Amino acid sequence: MAERAALEELVKLQGERVRGLKQQKASAELIEEEVAKLLKLKAQLGPDESKQKFVLKTPKGTRDYSPRQMAVREKVFDIIIRCFKRHGAEVIDTPVFELKETLMGKYGEDSKLIYDLKDQGGELLSLRYDLTVPFARYLAMNKLTNIKRYHIAKVYRRDNPAMTRGRYREFYQCVNDRRILDGMFAICGVSDSKFRTICSSVDKLDKVSWEEVKNEMVGEKGLAPEVADRIGDYVQQHGGVSLVEQLLQDPKLSQNKQALEGLGDLKLLFEYLTLFGIDDKISFDLSLARGLDYYTGVIYEAVLLQTPAQAGEEPLGVGSVAAGGRYDGLVGMFDPKGRKVPCVGLSIGVERIFSIVEQRLEALEEKIRTTETQVLVASAQKKLLEERLKLVSELWDAGIKAELLYKKNPKLLNQLQYCEEAGIPLVAIIGEQELKDGVIKLRSVTSREEVDVRREDLVEEIKRRTGQPLCIC
Amino acid sequence: MPLLGLLPRRAWASLLSQLLRPPCASCTGAVRCQSQVAEAVLTSQLKAHQEKPNFIIKTPKGTRDLSPQHMVVREKILDLVISCFKRHGAKGMDTPAFELKETLTEKYGEDSGLMYDLKDQGGELLSLRYDLTVPFARYLAMNKVKKMKRYHVGKVWRRESPTIVQGRYREFCQCDFDIAGQFDPMIPDAECLKIMCEILSGLQLGDFLIKVNDRRIVDGMFAVCGVPESKFRAICSSIDKLDKMAWKDVRHEMVVKKGLAPEVADRIGDYVQCHGGVSLVEQMFQDPRLSQNKQALEGLGDLKLLFEYLTLFGIADKISFDLSLARGLDYYTGVIYEAVLLQTPTQAGEEPLNVGSVAAGGRYDGLVGMFDPKGHKVPCVGLSIGVERIFYIVEQRMKTKGEKVRTTETQVFVATPQKNFLQERLKLIAELWDSGIKAEMLYKNNPKLLTQLHYCESTGIPLVVIIGEQELKEGVIKIRSVASREEVSGGSRNRRDEVFLPFPDSVRNMHLLAEKLSSWLIVVEMNKHSLKMTIAACEY
């Protein structure tokens, strides 16, 4: 018993060590080593014979969506999907997992965040990390050369998502171009081998100051200080199309072919954005350096601007709510002959948007209805269950959203209270006398006004009051 | 309504209604059609072993991508299902794709071996969810919820042998509706059956039947027939095959493979071949053997009450008390039901589509208690719609009829016959988008008009807005419905099949026009500058 307890303690400590290493973002090999040690310890422990524990939780980093959250989610998705459809996109879906080899080598440093499935004797599988690589696989597999598609689905990453909070007033989008970044690094003197790692340092400029980023590049990544300073001159710049013009004239940058291509494309982009009437929302930002490896051209990120913090309020973080770019080489990685299909796209960060919307609704104390029920079928006296069942069935058959309490003899007050809590606007009350007279009492929950409606007119009256079309189209 | 320019209103309206016939299943010479995609998939799967060893491009075994054509069908069906759930006051919810392995273990009986596990990467042990019911029970226990009426539409994963031909996959979608809570008996159960009827009727898949039984009747029946308790589950799964196998084959399996005494098998046979309405319930109440069994009597009592409510709901004629119904999953405790299509739509000479049941469910009063530390029970009853099978049937039917669907909802296409008009197209389309109109244009600087019109025809876009030099000078744009080719190439500007609207107002009018065309009701608002308007037929 003591042996087991000691072993359990070792497992716990090793587990903490692994978690600590992951938080510190230690090297992949080190983490793997420590994980292997942990697994060995766990194996020694054998099957858990302790008394049945009730572990009531979702896996770490995941959550259920309550009805309230679903209502918010539905509203947000509705707006997003309507926009995608407005622009003529078709929708597709792909499986939640892909062959492991499909995802390998596509995500650079982020690959360690991929969830793998256990080897159960069949194919080696991994949960999708994004929707872009599956899309490229879909294009290559079906030999498609053009398609405008949207795809809404969950993706899986083994990291700790941070949720931002706060009230927002507007947003802006930053654009840059991968070729401008690479060209800039080249002329500043960054060696080819350091490109990606310097890129990921620069990427942090939206969260930390230039001083800290410079320290990281020089202190941790071995960049020469003069090179870092030259980079600093560039990456702290942002502006409109005039900045593009300016850089086209920059003595150093204009010597770099890649950078010129990128600048040329950005110039044309700004022309079109002006015609679209949105150029005032776009900022050419030289510090934008998105993480993922597969971007080849223009890259962009939408950021919410925070309202000025008020006295006593917590400082509010800004975060990106959408991002994307051009990735011309990805499909070619899947095609056996390496045939390319150029792609450009965007991804909306809906999780962040959900929490923002939810908080805003809470702040406004707006009640979110979690059902769409229009009328409750109630009874005023006992022994009217049969009548309620018949009436509610009629309403359902006419397409009206209706409910009843699952009680044989519910009290009227309880039924009314149920309506108030759920936000149901109408009650259809069956009473003995009314039955004899052939009417139903239709009551408005908010105004408490009641009116007798003939049974045969009830459906029409409810539809009229709830603004529904009279025919089911 | 004011006069419409040069045409008297009545003539115009009648011309329009002649020309704009209600849409049949809108056709589109889709650039990619379903069979091409299926072929590509099959080819790449077949050739897997022949590919260079470095890479095989395919989806995992038993899974598939869903093309736009598939998705359109799917969305229509899911819309219908979800609006039914909402009509009955259900709240939506969602759970993660995977659960802690211990949450799912030992909830599914014999089927446990078919779960997908995640690799142990040093953290928690996880498995992909196998259904939506166990996660629901976990949610209820975790949040200490005593009453809830919820629906959940989501994917689940099972490592079964996939039979692609019949539409059985390893990743598939489920639509669940459940009512949790202690209520007066059988009312929620009856509502579940009502929901199943509404959905199956609404989907217009043909005649269907819902078989109903009760776990206690099944167990009671086994007991009075002499089945040893240890063999209950095994015999149960044999009986379950009666919808696919003949009684004598099932009997053979029970006696020869599962070691059941022949007399016992015969006694079971007397019962399981019975099915009927409430009169059969009455009959079983009087059955000398069955009425001795307390469990069975409870079940029969509940079924009797259920039938009363189903009659009030007007659906009793669709329900059959069927003693051969014995569903697989362990957690059912009371009434169980399963919906089957009576005749799958076939045409002469075609194989009937045998997809099994299209919806099922039952009462499971003990599941939440398995999650509660104190074992507190929350009784539940629910149903699951087998949407994958329904998709399969609908898709097969569409294939047979040669139906194709539009995969976009674009209303207006912005075109120009002239070169160097990209800027104007971009400005106009932005205006359309900003006012909520669904619009597209080609991503080409100088596209040919014919190419643009072909694009409209092939994707089913009903309206084209044509902007050109002359129109720009006059401050108007031309709206034309996508017509047959002859009219397009012959067109002169004063033809009666075009309308000229002033630029500032045109967007608003176009919105109305596009809306109305898409709903096939013609009511047009006028502004003081509008001229003649007739529209050529949209033939889809």
Does the range B:425-435 contain at least one residue that is away from chain A (no Cβ under 14 Å), in contact with an Asp or Glu (Cβ under 9 Å, 6 or more places away or on another chain) and either over 22 Å from A:Arg82 (Cα atoms) or of a type in the set (A, V, I, L, M, F, W, C) (or both)?
-> no
Determine which single condition A:Leu124 fails, assuming it passes every other condition in (1) open to solvent by 20 Å² or more (accessible area, probe 1.4 Å); (2) over 30 Å from B:Gly460 (Cβ atoms); (3) facing chain B (nearest Cβ under 7 Å).
-> (3)
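Table: residues versus (1) away from chain A (no Cβ under 13 Å); (2) modelled with pLDDT of 90 or more; (3) surrounded by fewer than 22 Cβ atoms within 10 Å (Cβ to Cβ).
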{"residue": "B:Ser127", "(1), (2), (3)": "no, yes, no"}
{"residue": "B:Asn143", "(1), (2), (3)": "no, yes, yes"}
{"residue": "B:Lys147", "(1), (2), (3)": "no, yes, yes"}
{"residue": "B:Arg168", "(1), (2), (3)": "yes, no, yes"}
Top-ranked residue of the range B:375-423 - restricted to ones that are open to solvent by 40 Å² or more (accessible area, probe 1.4 Å) and at the interface with chain A (Cβ under 9 Å from one of its Cβ atoms), ranked as nearest to B:Gly334 (Cα to Cα) = B:Glu409
Across the range B:436-465, the tally of residues that are at the interface with chain A (Cβ under 9 Å from one of its Cβ atoms), within 23 Å of B:Gln69 (Cβ to Cβ) and open to solvent by less than 20 Å² (accessible area, probe 1.4 Å) stands at 3
Within the range A:87-105, which residues are surrounded by 20 or more Cβ atoms within 10 Å (Cβ to Cβ), without any contact (Cβ under 8 Å) to a residue 60 or more places away in the chain and in contact with a Phe, Trp or Tyr (Cβ under 7 Å, 6 or more places away or on another chain)?
-> A:Ile92, A:Thr94, A:Leu103
Is at least one residue of the range B:362-374 modelled with pLDDT under 85 and either touching a Pro at 6+ places or on another chain (Cβ under 6 Å) or among the aromatic types (Phe, Trp, Tyr) (or both)?
-> no
Filter the range B:358-374 for residues that are hydrophobic (A, V, I, L, M, F, W, C) and within 14 Å of another protein chain (Cβ to nearest Cβ); the one that is farthest from B:Phe136 (Cα to Cα) is B:Met370
Answer yes if at least one residue in the range B:243-251 is open to solvent by 10 Å² or more (accessible area, probe 1.4 Å), part of a helix (DSSP H, G or I) and under 18 Å from B:Leu341 (Cβ atoms), and no otherwise.
-> yes
Here the qualifying pairs (Cβ atoms under 9 Å; residues six or more apart or on different chains; first in the range B:333-359 and crowded, with 22+ Cβ neighbours inside 10 Å; second at pLDDT below 55 and not β-branched (Val, Ile, Thr)) come out as B:Leu341/B:Leu353
For the range B:75-110, what are the residues that are charged (D, E, K, R), within 8 Å of another protein chain (Cβ to nearest Cβ) and out of contact with any Ser or Thr (no Cβ under 6 Å at 6 or more places or on another chain)?
-> B:Glu75, B:Lys86, B:Arg87, B:Asp94, B:Glu99, B:Glu102
Mind checking which residues of the range B:174-185 are more than 9 Å from chain A (Cβ to nearest Cβ) and crowded, with 21+ Cβ neighbours inside 10 Å?
-> B:Cys175, B:Asp176, B:Phe177, B:Asp178, B:Ala180
Limited to the range B:279-291, what total is found for residues that are out of contact with any Gly (no Cβ under 9 Å at 6 or more places or on another chain), open to solvent by 60 Å² or more (accessible area, probe 1.4 Å) and of a type outside the set (Gly, Ala, Ser)?
-> 4
Filter pass, B:Asp117 being at the interface with another protein chain (Cβ under 7 Å from one of its Cβ atoms) and out of contact with any Pro (no Cβ under 9 Å at 6 or more places or on another chain) = yes
Regarding B:Pro188, is this residue surrounded by 24 or more Cβ atoms within 10 Å (Cβ to Cβ) and facing chain A (nearest Cβ under 9 Å)?
-> no
Those residues of the range A:357-412 which are surrounded by fewer than 21 Cβ atoms within 10 Å (Cβ to Cβ), more than 13 Å from chain B (Cβ to nearest Cβ) and touching a strand residue (DSSP E or B) at 6+ places or on another chain (Cβ under 7 Å) amount to A:Ala380, A:Leu412
From the options A:Ala71, A:Ala136, A:Ala43, residue that is more than 7 Å from every other protein chain (Cβ to nearest Cβ), farther than 30 Å from B:His376 by Cβ and surrounded by 13 or more Cβ atoms within 10 Å (Cβ to Cβ) = A:Ala136
For the range B:202-236, how many residues are assigned to a helix (DSSP H, G or I) and free of Cβ contacts under 8 Å to residues at least 60 places away in the same chain?
-> 7
A:Glu109 among the acidic types (Asp, Glu) and in contact (Cβ under 8 Å) with a residue 60 or more places away in the chain | yes
What number of residues within the range B:149-160 are more than 28 Å from A:Lys407 (Cβ to Cβ) and surrounded by fewer than 23 Cβ atoms within 10 Å (Cβ to Cβ)?
-> 7
Of all residues in the range A:13-41 being closer than 20 Å to A:Asp159 by Cα and basic (Lys, Arg), the one that is modelled with the highest pLDDT = A:Arg17
Test: A:Gly332 is farther than 30 Å from A:Gly467 by Cβ and assigned to a strand (DSSP E or B) = no
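The values are calculated or read from the model by the stated rules, or taken from the named source; none is laboratory data. Computed from a prediction, not measured in an experiment: that's the story for all the values here. All Cβ positions, glycine included, derive from the backbone under ideal geometry; neighbour counts span all protein chains shown. Quick note on the areas: whole protein, heavy atoms, side chains included, nothing else; ligands and nucleic acids left out. Shrake-Rupley method; radii C 1.70, N 1.55, O 1.52, S 1.80 Å.
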